[in-house]
Structures are given as structure tokens and as C-alpha cells.
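The values are calculated or read from the model by the stated rules, or taken from the named source; none is laboratory data. Remember, predicted model here, so these are calculated numbers, not experimental data. Neighbour counts run over all protein chains shown; Cβ positions are idealised from the backbone, glycine included. The accessibility values were calculated without ligands, DNA or RNA, using every heavy atom of the protein model including side chains. Shrake-Rupley method; radii C 1.70, N 1.55, O 1.52, S 1.80 Å.
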Amino acid sequence: MSMVHTRNPILVLPADVAERIAAGEVIERPVSVVKELVENALDAGAHEVRVEVRGGGLRLMRVTDDGYGIPEDELERACARHTTSKISTVEDLNSLHTLGFRGEALASIAAVSELTLVSRPIETEGLEEEAAAASLTLRGGEVTQRSRRARLHGTTVTVRDLFYNVPARLKFMRGARTETGHILQLMRRYAVGYPGVRFNLTLEETTALQTSGTGDVATTLAELYHLPLSEMLHPVAVEVAGQYRIQGYVGNRALAQSSRQHIMLFINGRWVQSRVLQDALEAGYRGLLPKGKHPLLVFSLQLPTEDVDVNVHPAKTEVKLLHEAEIVAALTQAVQSVLERSPALPTSTDFPGPELVYQRRLPGPHRRGLHVAESAEGYKAEKAPPAAAEVIATLRPLAQLQQAVILAEAPDGSLYLIDQHRAHERVIYEHLRSKHIGVLADESEEGMDSHLLLEPVIIEMKRYQAELLEQRLPMLRDLGLECERFGGRSFLIRSVPAGEGQEQLAGHIHELAEIAAEDSEDWEDHLLIGLACRSAMRRGRVLGIAEQQTLITALANVSAPAVCPHGSPILLHYSRNFLIEKFDW
Ligand code: ADP
Ligand code: MG
């Protein structure tokens, strides 16, 4: 989100605007208070946000920022219902540039707690320190105290005794542990969404999270999760000119986790919860994750503000998108295309690392110069390793293991293991597919060359299969499979696609015919996969160094060298860092 950090006066929303604001309860539990206060800090352009929580949030929650502050004469208005400095007309709802806009959070919190607001506006820079900050306390929505005190510019909001006057709410509160867990999860999202801001969270007097605000998402993720190796995050950057931009990091499948909470999606800087979009991101992993496992994934989507409606739920985490179907497809595609090029890694990792609680103070300067993420900023592929395809072209084969795996060395001294069958399968599949697509697009006149079988094979199909197969005979011919009806439900197959594995294919005619008669839209792709799989060299074949090199070179030229067409890994990468770490060099 391109943040606009200039401050407008806080005003009461006109009735027609207030009526358009999606109604509902904002403050349901302690974590909702933290959320609203952190969003206010970010909207105020803070570079540093500190959060302190005691008694699971019921005793105390305090958020301190170094943002633009609130002038003394606007403090009380800030705590009234439907007062905001962020929008003023109905049209503003269609082009939101701030996280908040409802003008209800402070009022809702003040109504059910004791709330103290201490603020010094940035424009009072010249004033004497003591006179600079004003403080206002409300209990149950009524002003109980006003004072002045010294502080640097920015705002501190302290909320005590939450729900003291709403016993029904208190009764439903779960234990402090549950609530602080939610708060930690929430803070991780903001830390990732705003990598240019330093976040600090203290839970029950212990530092639970701290980021250095360098502006880099990968660094922030490493700080939050103690990730052992930087190559576990694969950068993504897709731009559809003038429409949208997708950026992010796709966690290697070695980072698979048992919960979905590490899939983070931001739309225009706002963390959003959307089952559909989450599913779309996970779909990009296809078969790459074990059942019941979920990825670590951070995606940031930049869309024209008018294509996004956030005014659908009071918590502002649900959105309506104008072109949802298109975005769903783009998200899946973005994840998939990265994983298809990224080798598997040998370690599987539990995170956050062993110490969930982060005690150490992070090194590094306090980078004041870096402003709140113009969120695209955080996604530079800084330290990212080169794409797998480029590396593969530089691999030097060393040996063959178990007559199945090629060991190869990269120029940087890392080791790659290559599954020879899957590599070959991928090469053949992409070859078949490009020919096939060429035929479909009328670009190449002839289809695949065919290899005549010495003895044609007769196959018997079920009735529905026979009908489908009959319709598909011309397409099969283009694929190099000469097939004709032989009366009733029988077919005669005369040829298979010509190529290296043609002899092997002859032994799999029945299986291929079954696929060719599949009642599925994807039958053609399945058939190409079947052909590739059955003609690819098998494990157990001895390869000389020259043959190993030929296969590596062919693999370097495909579009998805890291996974076979079934979605299983082709490459395993033992990085230099991995070796250094494991050998303790
Ligand atoms: P909203 O964020 O929807 O405008 P809130 O009730 O959260 O409504 O806040 C009301 C107003 O108080 C904001 O519009 C903003 O002008 C001011 N405000 C609240 N918190 C801060 C803060 N941390 N720093 C500066 N201004 C703030
Ligand atoms: Mg707000």
C-alpha cells in the first residue's frame, strides 16, 4: 500500500459516510485491541512499534509508536464514535490508503476499558519537552483525567481492565495463553507486512518478538522464524502491467508445517483472510507437501484500490475483489512456477526455532530513514540464490549413484542429486507438450513422428471409453499414436510416438489407451505424462559421464526442471551453507 503519512484533522464523519461503514462489533477480545492500536500506529507512519501485554491482555495492553501523533485539542475527539482523520467522503471508501478508516476503534475500546492516550504531535518539534505531550484518560467512555508530560513525538495508548464493565464478555475469555498466542501470531503478520518497521512485543514481561526493520521481508522472516538457510525462501515477482503486482516468498517444501497460520497474504499492505485465496496459494504446491502439511508463504498483492472492497466486515480482514477468479489463477501459477524451478532441500524444519521466545536483542542500526513499507520495497531478491535453471546449466557430473541418481557439483561448491528417471521424464514431457501445443496452434503442420509397432495391438474398451476414444482418434494420430476402430468396442493400435523410449512404450499400450479414453478434461495432459513416464530411462540404467552431461544439459533447457510432471522432486540440493553448517567448518 502506498502509505500517505500526512495528517489531516480528526473530524466527525458525515452521516451519509457513517451509514456506509460496515456495522458490527470491532472489539471482541484482547487481540482485536492490539490489532486496532497497531494499525493506528502504522497509519501514523511509525518506524517503531512496541507492544506490551500483561494478564493475557485483560490487565494491560500498551502500544507505543513514533508516528505523527495527535494534537492536544483533538485527543478527545479521537476517542468519540465515527471520528477519523483518514476519510471524509463516501468516495474515499473506494480508494483507501490507510489501514483504518472506520473511526470507531478508540471509541469502542474506551467504552469497555480504561484507556489512556499520551501523544505528542510531530509538528511540536520546537516546543519545550515538558509541555509537549498531552494525556487523556477515559474509563467506560467518560473522561476521568487530563495531564501533560514529557515524551518524544508519537503516541502511547494504554488499555487497562478490558471488559471490566462487560461481565458477559469476560466469562467467554479463554486463558491468557490462548490470547497471547493470538497476539503473537498477529504481530508476526504485521512484522512481515511492514518489514521497514521495527516491532517489539513483550508478553508477560518477556520479549516474544523483535524485528530490526531493515525493510527486507526475507530478513524479517529469518528473524521471526529463525530460519536456518536463506535458500529456504524462493522469491516471487509477477507483474501484470497496469493491473496488479504479486510479490513474495515461497517457502521450500522442507518448511512444511502442520498449521495454515504461516500462509500470509497481504492485499495493498493489508493482511487479509480469504479461504479462496489461501487455497489458491496452497494449490501451487500440488503434490509437493505431505498430506495435512501446509507451507510457509508470504505474498503481497498490489491491486488498484478501486478493485478492492475492504468495507465488508468490521475487522477489515475480509475483502471483496473485483477480479477474484483471475487473481486466484495468477496466485496458483506464481507459486507453482517457482516451485517447479526450485530444488528440494534435504532438511525438514520445525519453526519457530527451538526458542519460541526471542530473548536476544538484534544487532543492526536503527534505520530511521526507511519508512513504512511501500510494501513492494521489502521484496528485493537480495540474497536469493540464482534460479535453479541457471545453475543446472553449470553443473558438472561427478558420478552415478545406485544407477539411478546423478551426483553433480555446482561452481559454488554445492552438491546436486538428480533423479535420472524423473529428469528424463520431465525433458520428454516438455518436448511432447511443445510439439502438441504447436499442432493445436497450427504452427507445425505435422504432429509427432510415429514408430510402427511390429505387431499392432488390439485392445478392448468399455462402452463409454470406446465412444470417447473414437472421438479422439485424430488427436491421438497427431500425438504419434495411430489407432483405429476394429469393430464393436475393440481398437487396433499400430504405432507409438517415435523417440528414444519407443521400445519401452510398446509394453504399455493398454495403460496408454486407458488414459486416452479418460473421462476428464485433462486427458491430453495425462496422456503426455503417461507417454513421458513410460518412455523415460529407468532407474537401473548405467550412464557414462557423457550421458550424464547430456541429460543435465537437456534438463537445463526445460521450463520446470525441479519437479517431474507428476509433481515429485527431481533435484535435491546440498548447499554450501548446508555443508558448512552440518560439518561445522
Ligand atoms: P480510524 O483509525 O478508523 O480513523 P480510530 O478510532 O482507530 O479510527 O482512531 C481515530 C483517529 O485517531 C484516527 O483517525 C487518527 O487520526 C487518530 N489516531 C489514533 N491513533 C493514533 C496514533 N497512534 N497516532 C496518530 N494518530 C492516531
Ligand atoms: Mg484505527
Per the helix-only model, the chain has a calculated mean residue ellipticity at 222 nm (DSSP H runs of ≥4, -39500 (n - 2.57) each, divided over all residues, rounded to the nearest 500) of -9000 deg cm²/dmol
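Filter the GluC sites (Glu not before Pro) in segment 403-490 down to the DSSP loop ones having no more than 11 other Cβ atoms within 10 Å, then list what survives. Display every interim value, and only then the final one.
Values: sites: 409, 425, 430, 443, 445, 446, 460, 467, 470, 482, 484; in loops: 443, 445, 446, 482.
Answer in residue order: 443, 445, 446.
With charges set only on the Cβ (+1 for Lys and Arg, -1 for Asp and Glu), what does the dipole of the chain come to about its Cα centre, in debye to the nearest 20? Working shown, then result.
Details: 61 positive and 78 negative charges, 439 e Å.
Approximately 2120 debye in magnitude.
Roughly speaking, what is the stretch gain from residue 169 to residue 485, that is 0.36 nm per residue apart minus the C-alpha to C-alpha distance, in nm to one decimal? All intermediate terms of the calculation are to be shown ahead of the outcome.
On the way: separation 316, 0.36 × 316 = 113.76 nm, distance 7.31 nm.
This chain segment gains 106.5 nm when fully extended.
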The alpha-carbon center of segment 408-460 and that of segment 142-201 are separated, in whole Å, by 58 Å
Simple label model, 7 Å out from Cα along Cβ direction - residue 449 to residue 279, nm = 4.6 nm
For the residue 510, residue 402 Cβ pair and Förster radius 25 Å, calculated FRET efficiency rounded to 0.05 is 0.25
Which residues in segment 493-511 place their backbone N less than 13 Å from a point set 7 Å from the Cα of residue 547 along the Cα-to-Cβ direction?
-> 501
Estimated distance in nm for a label pair at residue 146 and residue 260, the labels positioned 7 Å out from Cα along Cα-to-Cβ = 4.9 nm
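So which trypsin sites (Lys or Arg not before Pro) in segment 274-330 end up in coil per DSSP with only 11 or fewer other C-beta atoms within 10 Å?
Taking segment 274-330 and a limit of 11 other Cβ atoms within 10 Å, the loop trypsin sites (Lys or Arg not before Pro) found are 291.
Can you compute the FRET efficiency between residue 460 and residue 519 using 1/(1 + (r/R0)^6), with r the Cβ-Cβ distance and R0 = 22 Å? Round to the nearest 0.05.
The formula returns an efficiency of 0.80 here.
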Out of 88, 258, 119 - ranked by how far each Cα lies towards the positive end of the dipole of the chain, with unit charges on the beta-carbon of charged residues - the top one is 119
List, in order, the whole-Hz ³J(HN,Hα) value for each residue of segment 508-515 obtained from phi through the Karplus relation with A = 6.51, B = -1.76, C = 1.60 and θ = phi - 60°; use x for Gly and Pro.
-> 10, 4, 4, 4, 5, 5, 4, 5
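For the chain, give the percent of accessible area contributed by carbon and sulfur heavy atoms, probe 1.4 Å, rounded to a whole number.
Values: 13350 of 26450 Å².
Solvent-exposed carbon and sulfur of the chain make up 50 percent of the total.
For the full complex of protein chains and a 1.4 angstrom probe, list 119, 450 by accessible area with the highest value first.
Values: 119 0, 450 55 Å².
Solvent-accessible surface, decreasing: 450, 119.
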Solvent-accessible surface (1.4 angstrom probe) belonging to residue 232, in square angstrom, nearest 10 = 0 Å²
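Tell me the per residue accessible area of the chain using a 1.4 Å probe; a whole number in Å² is fine. All intermediate terms of the calculation are to be shown ahead of the outcome.
Numbers: 26450 Å² over 585 residues.
Per residue, the chain has 45 Å² of solvent-accessible surface.
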Residue 123 to residue 409: FRET efficiency via 1/(1 + (r/R0)^6), r the Cβ-Cβ distance, R0 56 Å, to the nearest 0.05?
-> 0.35
Farthest toward the dipole's positive end in the chain, which of 300, 207, 49, given Cβ charges of +1 (Lys, Arg) and -1 (Asp, Glu) about the Cα centre?
-> 207
